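Have a look at the structure below, then the notes.
The values are calculated or read from the model by the stated rules, or taken from the named source; none is laboratory data. These numbers were taken from a predicted model, which means no experiment stands behind them. Don't worry about glycine lacking a Cβ; one is built from the backbone with ideal geometry, like all the others, and counts go over all protein chains shown.
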Amino acid sequence: MAHSPLTLRGVKAVILAGGRGSRLSEETDSKPKPMVEIGGRPILWHIMKIYAQYGIEDFIICLGYKGARIKEYFFHYNMHSSDITVDLRSGVSIHRSQAEDWRVTLVETGLETQTGGRLKRIRDYLGGDALFCMTYGDAVADIDIGAALTFHRAHGRLATVTAVRPLARFGALQLRGDLVDRFEEKPAEEAGLISGGFFILSPKVLDLIEGDATLWEREPMERLAATGELMAYRHTGFWQPMDTLRDRLLLDGMCEADNAPWMTWQD
């Protein structure tokens with residue numbers, strides 16, 4: 001790891017976890033999308049581990065759809081990660097705990113609130129003018145958070161977005177008339193750069209959010225770009241969203257094969 005976790009302590013990570021995840025309805029009819037499991041753990045846990053390996057262990061989770069499931073998960077987390085003794089009269093004693101040293105603030109940001117509105121609602125929990133990280137509860141990457149923070153601090157703008165190049169889902173055909181001149185399975189260069197959803201932000205960006213109906217990806221980001229306040233940190237490594245059942249099976253299969261590129265932390 002190129003960056004000491006000690007240099008990143010005090011930075012908070014905000015995770016948007018309130019959407020309905022309608023394209024993954026096979027799973028999200030009964031649970032919020034961030035609680036869908038890959039490798040036996042909710043994808044939300046994987047995302048938090050990505051940050052925690054860099055010393056970022058203070059999280060703000062923006063809840064909405066079936067947010068109670070996320071609250072219950074963290075409320076019982078220590079018990080599920082520990083050896084316990086249950087005395088039916090005096091209560092539970094926790095022995096050897098394997099729970100992470102995380103501080104998790106779970107904020108009800110509204111069932112129908114849009115992404116920008118959820119961000120604006122957690123302003124009081126940021127605790128000052130320090131920069132913070134933000135991402136969504138449905139994508140994993142082997143991103144170097146420390147390097148991204150160094151990049152952000154060096155350019156001095158209000159916002160940094162991680163730019164990624166997604167893998168194409170289908171093989172590409174190059175045609176000469178009706179003749180297939182070349183076939184390439186899932187070429188990495190087919191698509192242009194897109195937002196990978198890992199942001200580093202100044203709290204000042206929240207002033208660009210009008211209210212609950214504001215999509216972060218529309219007016220706020222567009223204004224940041226138009227005023228020269230949005231920079232791109234290029235991530236050329238692994239990145240994969242979990243939008244569909246196919247995506248979940250892909251990520252779960254990587255875990256089962258012990259070949260999950262985003263799991264760069266040391267247990």
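When each of Glu210, Glu222 is tested for being out of contact with any Phe, Trp or Tyr (no Cβ under 7 Å at 6 or more places or on another chain), closer than 20 Å to Arg123 by Cβ and among the acidic types (Asp, Glu), the lone residue that passes is Glu210.
When Gln98 is tested against the conditions (1) farther than 24 Å from Glu217 by Cα; (2) touching a residue at least 24 places away in the same chain (Cβ under 8 Å), the lone failure is (2). Taking every residue in the range 238-267 that is of a type in the set (Asp, Glu) and pairing it with any residue that is modelled with pLDDT of 95 or more, at least 6 positions away or on another chain, the pairs with Cβ-Cβ distances below 6 Å are Asp252/Ile38. Can you tell me how many residues within the range 25-77 are without any contact (Cβ under 8 Å) to a residue 60 or more places away in the chain, over 28 Å from Gly10 (Cβ atoms), out of contact with any helix residue (DSSP H, G or I) (no Cβ under 7 Å at 6 or more places or on another chain) and assigned to a loop (DSSP other than H, G, I, E, B)? Selection size over the range 25-77: 4. Here is the figure for the range 220-233: residues that are surrounded by fewer than 19 Cβ atoms within 10 Å (Cβ to Cβ) and in contact with a Ser or Thr (Cβ under 8 Å, 6 or more places away or on another chain) total 1. Out of the residues in the range 236-261 meeting the condition of being assigned to a loop (DSSP other than H, G, I, E, B) and touching a Lys or Arg at 6+ places or on another chain (Cβ under 9 Å), tell me which one is surrounded by the fewest Cβ atoms within 10 Å (Cβ to Cβ). So, considering only residues that are assigned to a loop (DSSP other than H, G, I, E, B) and touching a Lys or Arg at 6+ places or on another chain (Cβ under 9 Å), the one surrounded by the fewest Cβ atoms within 10 Å (Cβ to Cβ) is Thr236. In this structure, Val92 does not satisfy being within 18 Å of the chain's Cα centre (by Cα) and part of a strand (DSSP E or B).
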